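Data first, discussion second: the structure below is written as structure tokens.
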Amino acid sequence: MRQVAVTEGDKVSAQIQFGYEVHAFGLGDLQQLVDAVTDEQVAAQIEIYKSEYEVSPALLADAHQLKMLKNEARLELGMYKFLSDGGFGAFTNCFENLTGLTNLPGLATQRLMSQGFGYGGEGDWKTAAMVRIAKVMSKGRSGGSSFMEDYTYHFGAVDQVLGAHMLEVCPSIAAAKPRVEVQLHTIGCRNDIARLIFTGVAGPAINISVIDLGTRFRMVINEVDTVKPPQELPQLPVAKALWEPRPSLAIAAAAWIHAGAAHHSAYSQGITAEEAVDLAEMAGIEAVVIGADTTVRNLKTELRQNAAYYHLSQGL
């Protein structure tokens with residue numbers, strides 16, 4: 001997304017530090033592959049959707065909704081070929097630039113994540129890479145990983161965070177079989193878009209934000225406990241997860257802000273905070289964990305000490 005500094009960063013420094021490359025392509029390169037998808041391939045993909053998700057007969061009988069679902073099938077197949085042919089493990093996009101495409105990918109992006117690709121919204125390549133890394137680290141384990149965002153907050157006896165995004169949350173974290181719905185999307189573009197609706201499975205999880213501080217990278221990790229929502233959320237037609245941050249929303253939010261973490265994160269129930277710290281140490285970057293024993297005072301002290309250490313470690 002244009003003019004969102006938190007999703008940017010030094011791509012050359014990231015390649016040196018982490019070993020991955022970040023490339024940019026015009027949508028015309030993707031459009032050619034999307035347009036080359038045949039009607040027969042789309043029909044076969046619709047059958048996969050019907051077998052793996054709840055797809056209502058009413059949706060399939062409605063010409064407009066079926067067309068929107070076919071749009072997603074065509075986008076998914078074209079994007080999969082583009083990513084596979086290029087040898088790419090993750091991707092991002094910009095909902096302000098969709099020239100040549102039918103709509104912002106919804107179901108297509110969710111399914112590509114479920115197949116192991118990392119994703120970050122609004123040009124957030126650092127989160128896209130982190131989602132991919134979390135998926136690789138957790139391969140063969142129970143517990144999924146997804147692109148995520150703090151969507152809204154619930155203040156009550158126990159303060160909670162509702163995590164979601166416009167369309168793109170991975171079904172690998174779903175508590176039950178997702179259902180396909182076609183709903184109006186109004187952010188960046190106004191169009192009916194097919195997406196998977198589900199709630200994240202309850203259990204411990206972590207949110208990871210990798211940020212570029214200008215002179216180095218920092219990984220911020222918040223341990224959370226995902227819970228079952230006390231009621232349905234019929235006015236929120238996107239996939240979501242409800243969690244309680246450790247040690248509390250008030251402390252975790254303050255610590256997250258002090259640490260400079262972003263509004264996007266890589267959410268994972270497949271790796272632990274300790275394993276994320278191991279990754280940061282292997283990459284030679286700072287790791288800050290917000291957990292059950294975190295206090296804002298101690299975290300601010302830790303950040304100051306880390307700043308001195310990482311500055312001095314580069315040599316005077």
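Read-outs: derived from the displayed coordinates by stated rules, not from any lab. Here the structure is a predicted model, which is why all the values come from computation and not from measurement. Heads up, the Cβs are rebuilt from the backbone with ideal geometry, glycines too, and the neighbour counts pull from every protein chain shown.
Structural remarks
- Applying a DSSP loop filter and a limit of 14 other Cβ atoms within 10 Å to the chymotrypsin sites (Phe, Trp or Tyr not before Pro) in the range 75-175 leaves Phe155.
- CD proxy at 222 nm, helix term only [per DSSP H run n ≥ 4: -39500 (n - 2.57); per residue of the chain; nearest 500]: -11500 deg cm²/dmol
- Between the beta carbons of Leu312 and Arg2, assuming R0 = 41 Å, the FRET efficiency works out to 0.65 to the nearest 0.05.
- Axis angle, to the nearest 10 degrees, between helix 296-312 and the longest C-alpha principal axis of the chain: 80 degrees.
- Between Glu274, Glu232, Glu286, the Gaussian network model of the chain with springs among Cα atoms under 10 angstrom shows the greatest mean-square fluctuation at Glu232.
- To the nearest ten degrees, helix 39-52 and the longest principal axis of the Cα atoms of the chain are 60 degrees apart.
- A crude spin-label estimate for the pair His263 and Ala176, with each label 7 Å from Cα along the Cβ direction, gives 3.1 nm.
- Answer label for Cα extents along the principal axes in Å (calculated), chosen among (i) 64, 46, 37; (ii) 111, 38, 35; (iii) 56, 39, 34: (i)
- When the Cα positions of Gly28, Thr295, Ala43 are compared along the charge dipole of the chain, Thr295 comes out farthest toward the positive end, with charges on each C-beta of Lys, Arg, Asp and Glu.
- Inter-label distance, nm, simple model (7 Å from Cα along the C-beta direction), Val12/Lys139: 3.2
- Directionally averaged shadow of the range 23-77, computed from the convex hull of its alpha-carbon atoms, nm²: 4.6
- Segment Asp192..Glu96, full-extension length gain: 33.0 nm, with 0.36 nm per residue of separation and the alpha-carbon distance subtracted.
- Inter-centroid distance (Cα atoms) of the range 180-202 relative to the range 80-101, Å: 19
- Extended-chain gain in nm, criterion 0.36 nm per residue less alpha-carbon gap, Val227 and Ser84: 47.9 nm
- Comparing Ala134, Ala61, Ala239 in a Gaussian network model of the chain (Cα springs below 10 Å), the most mobile by mean-square fluctuation is Ala61.
- For Asp192, the amide hydrogen comes within under 5 Å of the amide hydrogens of His185, counting only partners 5 or more places away or on other chains and with H modelled in the peptide plane.
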